[in-house]
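The values are calculated or read from the model by the stated rules, or taken from the named source; none is laboratory data. The shown structure was predicted, so the numbers you read here are calculated from the model rather than taken from an experiment. Here Cβ is always computed from backbone atoms with ideal geometry, including for glycine, and neighbour counts include all displayed protein chains.
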Amino acid sequence: MEISSKYNPATIEEKWYQHWLNKNYFHSEPDEREPYTIVIPPPNVTGVLHMGHMLNNTIQDILIRRARMQGKNACWVPGTDHASIATEAKVVAKLASEGIQKNDLTREDFLKHAWDWTHKHGGIILEQLKKLGASCDWQRTCFTMDEARSKSVIKVFCDLYEKEKIYRGIRMVNWDPKALTAVSDEEVIHKEVNGKLYYIKYKLAEENGFAVIATTRPETIFGDVAVCINPNDPKTATFKGKKVIVPFTNRIVPIIEDDYVDVEFGTGFLKVTPAHDINDYMLGEKYKLEVLDIFNDNGTLNAHGLQYEGMDRFVVREQIEKDLATAGLLEKVEPYTNKVGFSERTDVPIEPKLSMQWFLKMKDLAQPAIDAVMNDIIKFHPNKFKNTYRHWMENIKDWNISRQLWWGHQIPAYYLPKGGFVVAETKEEAFEKAIKTVDYPITMDDLHQDEDCLDTWFSSWLWPISVFDGINNPDNKDINYYYPTNDLITAPEIIFFWVARMIMAGYEYRNEHCFQNVYFTGIVRDKFGRKMSKSLGNSPDPIALIKQYGADGVRMGMLLTSPAGNDLPFDEALCEQGRNFSNKIWNALRLVKIWNVDRSVTQQETSKKAIEWFEARFDQALITMNDHFEKYRLSDALMTVYKLVWDDFCSWYLEMIKAPMGQAIDGTTYDATIRFFENLMKILHPFMPFITEEIWHLIAERDQNDDIIIASIPEPKNSDETVLSKFDFTKEVINGIRKVRADKNIPFRDSIELFVLDKSNSIDDAFDGVIAKLCNVSNIQYVEKTPENTFGFIIGATEYFVPITENVDIEAEIEKLKEELKYTQGFLISVDKKLSNERFVNSAPADVVDKERKKKADAEARITVIEQQIKSLKN
RNA sequence: GGGAGCUUAGCUCAGCUGGUUCAGAGCACCUGCCUUACAAGCAGGGGGUCGAUGGUUCGAAUCCAUCAGUUCCCACCA
């Protein structure tokens, strides 16, 4: 069969993915094997694949495939997230582009549009994951708003309400005036903005004079209900007990005293606006002040804003500056930088706003979740995130779980006609409860369900349980088998949104950890270190990359520079390296395929040695790789295999056993080579699934069900240290000869002789055949003294000589040797110094001292050899 | 304002509880090669006073302190 000289991924990838699907290899059912479970971080249902997904899912696939090959029952559950606020925003925008306002629609109509949108765009991202090679159990695909998941969410809400962990109340919340909903504290991003600090004069009510307050938000003066001073501030002491007039409103408000006011800041006067600032709100509570809400939900001023009614808060800010100045009430304006909260979703400044919301009490939920992570029942990789986690968990605040949105799980609270409400999983149950609560006649239609829906994370926090239906059906076969899951692969930015809350839900609903390891990936950046973003246009399309470099190439590119928790500076050159590697493997296959195998040929001694060595080397690398996996150092694990394949297998092993031109290879060597090749493909398969499967099938005849995806990954044996160190020495000799060839311009095709001067008789000639073959040496001779007309080098304490035709520059050689001698002598002195230091000999561990003694002996031997060579050159 | 991390070759990073087998890897770079698997390749090679200073120690990239630079997280100072 003719094999092309370049590896062509496209058709091969398509073919094998389909094959794996046909064979149902990705599907898992509980059985007697050990389970290995990962639940996917569900991407937004209408999203498309970006580089972050690419990295994240590559890692998950590697872990899943490896577990599968280790004989575990591997189950990777895929799914998507309804992404309440993001999806609703998209639908609203789409409707707006068609001239439809959300407010003009009923809830039902809007949801119909949203579902249409979801069906149209949903699931694209899962199809894209298939291109990457993701071996998800597609039969288990879940959606956070499908029937079972929705039911789970509602059930949990009711349960937590019954447990009195969920409550409803008016609180100061983070209001997003664009999305028109409250958001949680975690959805607020604080950014530094360059603003102004306005010094505004408030006239005293009963006498002449002013109190000058400093504020960054002059538009909120309409909500002022007091001015506050610090009782210990001499600057403002004369104002105690007085009253001031709020500009424009003519409202008279008191000057109150509280040591909350920082005497160092501004003028010492603080305007108190309980409706629009969390601190002011607390002052308001303390002093029983009125709350004047001056904003509409969309951030414009309401009737309290008088002539500014209907204007946007930022427009008012500019206008009022002018108007205050005109009225002579603006003392000065200073540039000022402060931190302002922005909505994560819409990127508009958050408006602190009092409103009625639902909250979940977190303190009790947090405790077992803190313990689990601090005691390493759940391990974080890298573990530096433990600190971050603990800090947040120990200061956890109640979670605002209600959103003023329609796309999501509607809160199962039903309001009664004359006030009050009941919470129940269905309207029917709610009605049952209602008739028991009220003493007046009601019908089902009198119940009015809460309009709000739940925070998206209120469904995702149940994900590891709900995908196995463990909420609705807590004792089912799946949940009992797959839970707790093994590894979670996610980004650090959602450690609080998601990871922490899943851990809490896990303890609340299963009384157990929800996963054992959390692998935090880094952020994928471009090669200049910038975050990838649509606006910068620096985010490559993963699917296009796959087309260009092959899925295996891209997977490898993603993994090459990404230790856990580190940002990944992505460069297409990495994919290129991945593609080159694919090609290298491909060509190794081509070599093996063109061999003629003749089972009557006797095995060469060099081949025998090569096999012995590679066996040891393979096990050594495998041990290293497994160690990396245990520590979740996947890039290092990949690099270990990469070097094993490229350097050890291709550059050394294959070169050693390669039959000379036109000759056949013996059966023993051939079989061993195929076995090695197979083992290499097995350990590489989790990283590069497609090419390894293809080669698996090209390299040998296979039975119907003999696919690499389900092959057993090799277990390391103890690798033979002796053969490894002998071979390392051999490599040095070969290197030495190659260097001489390069320096002296002796082409490889011209065979050479090699003389060995080994005074100590310490070297092993077992690998001489290898040296001869790889360096095109016709004859290796052991000699007693330096041969004539040769050029030499020293490895250890053995001298090697290659005959050369050109004259040796003896002076230059002597110079080089002298340099070498000087270095070695210096080294010997430092070792001697150590060994003659009694404190070293006494306090250092015995093996360290022994090592030093060995170094001393080696250095001395080497010095002798160098000196002799200098002497002989001089003669 | 509080906390955490990072600073080792041009780039990205390894170097665990101190001991020239720790000064490394991959890529990039330079030189020579189209050697019959592979130029998406082969062979060879040059790069770092391990951020700075001080300390502990027989010995420090490795421990401690201070400083500088940098990144991230948390936070209601108008």
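Cβ-Cβ distances below 9 Å connect the following pairs, each with a first residue in region A:839-857 that is more than 17 Å from A:ILE829 (Cβ to Cβ), a second residue that is of a type outside the set (S, T, N, Q), and a separation of six or more residues or different chains: A:ALA844/A:LYS834; A:ALA844/A:GLU852; A:VAL848/A:PHE840; A:VAL849/A:LYS834; A:VAL849/A:LEU835; A:VAL849/A:PHE840; A:VAL849/A:VAL841.
With respect to being among the acidic types (Asp, Glu) and under 30 Å from A:GLY565 (Cβ atoms), A:ASP666 falls outside the description.
The single condition from (1) without any contact (Cβ under 8 Å) to a residue 40 or more places away in the chain; (2) β-branched (Val, Ile, Thr); (3) under 28 Å from A:PRO540 (Cα atoms) that A:VAL48 fails is (1).
Among the residues of region A:533-560, those that are modelled with pLDDT of 80 or more, over 14 Å from A:GLY52 (Cα atoms) and out of contact with any helix residue (DSSP H, G or I) (no Cβ under 6 Å at 6 or more places or on another chain) comprise A:ALA544, A:LYS547, A:GLN548. The set of residues in region A:250-267 being in a loop (DSSP other than H, G, I, E, B) and closer than 14 Å to A:ILE221 by Cα consists of A:ASN250 alone.
Residues to consider are A:GLU612, A:GLU721; find the one that is within 12 Å of RNA strand B (Cβ to nearest atom) and over 29 Å from the mean Cα position of the chain (by Cα). Give the derivation first.
Working: A:GLU612 fails: within 12 Å of RNA strand B (Cβ to nearest atom).
Sole residue among the options that is within 12 Å of RNA strand B (Cβ to nearest atom) and over 29 Å from the mean Cα position of the chain (by Cα): A:GLU721.
The set of residues from region A:398-436 being assigned to a loop (DSSP other than H, G, I, E, B), touching an Asp or Glu at 6+ places or on another chain (Cβ under 9 Å) and more than 17 Å from A:MET356 (Cα to Cα) comprises A:TRP407, A:GLY408, A:PRO417, A:ALA424.
In region A:4-24 there is no residue matching the filter, namely being at pLDDT 95 or above, in contact with a strand residue (DSSP E or B) (Cβ under 7 Å, 6 or more places away or on another chain) and in a loop (DSSP other than H, G, I, E, B).
A single entry from A:LYS191, A:LYS271 fulfils the requirement of being near RNA strand B (Cβ under 10 Å from one of its atoms), in contact with an Asp or Glu (Cβ under 6 Å, 6 or more places away or on another chain), basic (Lys, Arg) and more than 29 Å from A:LYS361 (Cβ to Cβ): A:LYS271.
Quickly run through region A:559-576 and pick out the residues that are farther than 15 Å from A:ARG633 by Cβ and either touching a Leu at 6+ places or on another chain (Cβ under 8 Å) or surrounded by 23 or more Cβ atoms within 10 Å (Cβ to Cβ) (or both). Reasoning before the result, please.
First pass over region A:559-576, keeping only residues farther than 15 Å from A:ARG633 by Cβ: A:567, A:569-576.
Passing the criteria: A:PHE570, A:GLU572, A:LEU574, A:CYS575.
Applying the condition of being of a type in the set (Ser, Thr, Tyr) and surrounded by fewer than 17 Cβ atoms within 10 Å (Cβ to Cβ) to region A:383-436 and asking which residue is farthest from RNA strand B (Cβ to nearest atom) yields A:THR426.
Please enumerate the residues belonging to region A:691-714 that are part of a loop (DSSP other than H, G, I, E, B), touching a helix residue (DSSP H, G or I) at 6+ places or on another chain (Cβ under 9 Å) and within 18 Å of A:PHE26 (Cα to Cα).
Keep residues of region A:691-714 that are part of a loop (DSSP other than H, G, I, E, B), which gives A:700-707, A:711-714.
Still in the running and touching a helix residue (DSSP H, G or I) at 6+ places or on another chain (Cβ under 9 Å): A:700, A:702, A:706-707, A:711-714.
Residues satisfying the conditions are A:ASP706, A:ASP707, A:ALA711, A:SER712, A:ILE713.
Scanning region A:280-323 for residues that are aromatic (Phe, Trp, Tyr) and over 22 Å from A:TYR199 (Cβ atoms), we see that the one that is surrounded by the most Cβ atoms within 10 Å (Cβ to Cβ) is A:PHE295.
Considering only residues of region A:688-715 that are closer than 30 Å to A:GLY769 by Cβ and surrounded by 15 or more Cβ atoms within 10 Å (Cβ to Cβ), which is farthest from RNA strand B (Cβ to nearest atom)? Please lay out each step first, then the result.
Residues of region A:688-715 closer than 30 Å to A:GLY769 by Cβ: A:695, A:699-700, A:714.
With surrounded by 15 or more Cβ atoms within 10 Å (Cβ to Cβ) added as a condition, the list becomes A:695, A:699, A:714.
On the way: A:ILE695: 12, A:ILE699: 13, A:PRO714: 21 Å.
Filtering region A:688-715 for residues that are closer than 30 Å to A:GLY769 by Cβ and surrounded by 15 or more Cβ atoms within 10 Å (Cβ to Cβ), the one farthest from RNA strand B (Cβ to nearest atom) comes out as A:PRO714.
Taking the criterion of being in a loop (DSSP other than H, G, I, E, B), surrounded by 14 or more Cβ atoms within 10 Å (Cβ to Cβ) and within 16 Å of RNA strand B (Cβ to nearest atom), the residues of region A:729-787 that qualify are A:LYS744, A:ILE746, A:ASN776. Annotation note: Cβ proximity below 8 Å between a residue of region A:379-391 that is without any contact (Cβ under 8 Å) to a residue 24 or more places away in the chain and farther than 9 Å from A:TYR519 by Cβ and a residue that is more than 9 Å from RNA strand B (Cβ to nearest atom) and in a helix (DSSP H, G or I) (sequence gap 6+ or interchain) occurs for A:LYS386/A:VAL373; A:LYS386/A:MET374; A:ARG390/A:ILE370; A:ARG390/A:VAL373; A:ARG390/A:MET374.
Whether any residue in region A:324-337 is assigned to a helix (DSSP H, G or I) and surrounded by fewer than 16 Cβ atoms within 10 Å (Cβ to Cβ) is what I want to check. Yes - at least one qualifying residue is present in region A:324-337. For region A:835-849, the set of residues classified as of a type in the set (A, V, I, L, M, F, W, C) and within 8 Å of RNA strand B (Cβ to nearest atom) consists of A:PHE840, A:ALA844, A:VAL848, listed by residue number. The single residue among A:THR798, A:THR790 that is more than 16 Å from RNA strand B (Cβ to nearest atom), touching an Asp or Glu at 6+ places or on another chain (Cβ under 6 Å) and either modelled with pLDDT of 80 or more or among the acidic types (Asp, Glu) (or both) turns out to be A:THR798.
So that you can scan it fast, the table gives a plain yes or no per residue for (1) more than 24 Å from the chain's Cα centre (by Cα); (2) modelled with pLDDT under 95; (3) surrounded by fewer than 20 Cβ atoms within 10 Å (Cβ to Cβ):
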{"site": "A:GLU29", "(1), (2), (3)": "yes, no, yes"}
{"site": "A:THR37", "(1), (2), (3)": "no, no, no"}
{"site": "A:ILE40", "(1), (2), (3)": "no, no, no"}
{"site": "A:GLN60", "(1), (2), (3)": "no, no, no"}
{"site": "A:LYS90", "(1), (2), (3)": "yes, yes, yes"}
{"site": "A:GLN101", "(1), (2), (3)": "yes, yes, yes"}
{"site": "A:ALA114", "(1), (2), (3)": "yes, no, no"}
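Select from region A:190-201 the residues that are more than 30 Å from A:ILE252 (Cα to Cα) and either at pLDDT 90 or above or not β-branched (Val, Ile, Thr) (or both) and list them in ascending order. Before you say what the answer is, go through the steps one by one.
In the first step, residues of region A:190-201 are kept if they are more than 30 Å from A:ILE252 (Cα to Cα); the result is A:190-194.
Those that are more than 30 Å from A:ILE252 (Cα to Cα) and either at pLDDT 90 or above or not β-branched (Val, Ile, Thr) (or both): A:HIS190, A:LYS191, A:GLU192, A:ASN194.
Scanning region A:550-600 for residues that are more than 24 Å from A:SER4 (Cα to Cα) and of a type in the set (S, T, N, Q), we see that the one that is farthest from RNA strand B (Cβ to nearest atom) is A:SER600.
What do you reckon, is A:ARG345 away from RNA strand B (no atom under 13 Å from the Cβ), of a type outside the set (A, V, I, L, M) and within 43 Å of the chain's Cα centre (by Cα)? Before the answer, list the steps.
On the way: away from RNA strand B (no atom under 13 Å from the Cβ): yes; of a type outside the set (A, V, I, L, M): yes; within 43 Å of the chain's Cα centre (by Cα): yes.
It is true that A:ARG345 is away from RNA strand B (no atom under 13 Å from the Cβ), of a type outside the set (A, V, I, L, M) and within 43 Å of the chain's Cα centre (by Cα).
Do we find a residue being near RNA strand B (Cβ under 9 Å from one of its atoms) and surrounded by 13 or more Cβ atoms within 10 Å (Cβ to Cβ) anywhere in region A:802-817? Don't jump to the end; show me each part of the working.
Kept after step one, since they are near RNA strand B (Cβ under 9 Å from one of its atoms), are these residues of region A:802-817: none.
No, that holds for no residue.
Residue check: A:ASP259 meets all listed conditions (1) free of Cβ contacts under 8 Å to residues at least 40 places away in the same chain; (2) in contact with a Cys (Cβ under 8 Å, 6 or more places away or on another chain) but one, namely (2).
All of (1) over 31 Å from the mean Cα position of the chain (by Cα); (2) farther than 20 Å from A:GLU508 by Cβ; (3) crowded, with 22+ Cβ neighbours inside 10 Å hold for A:ILE170 with one exception: (3).
In summary, A:GLN603 fulfils each of the numbered conditions (1) at negative phi; (2) within 16 Å of RNA strand B (Cβ to nearest atom) with the single exception of condition (2).
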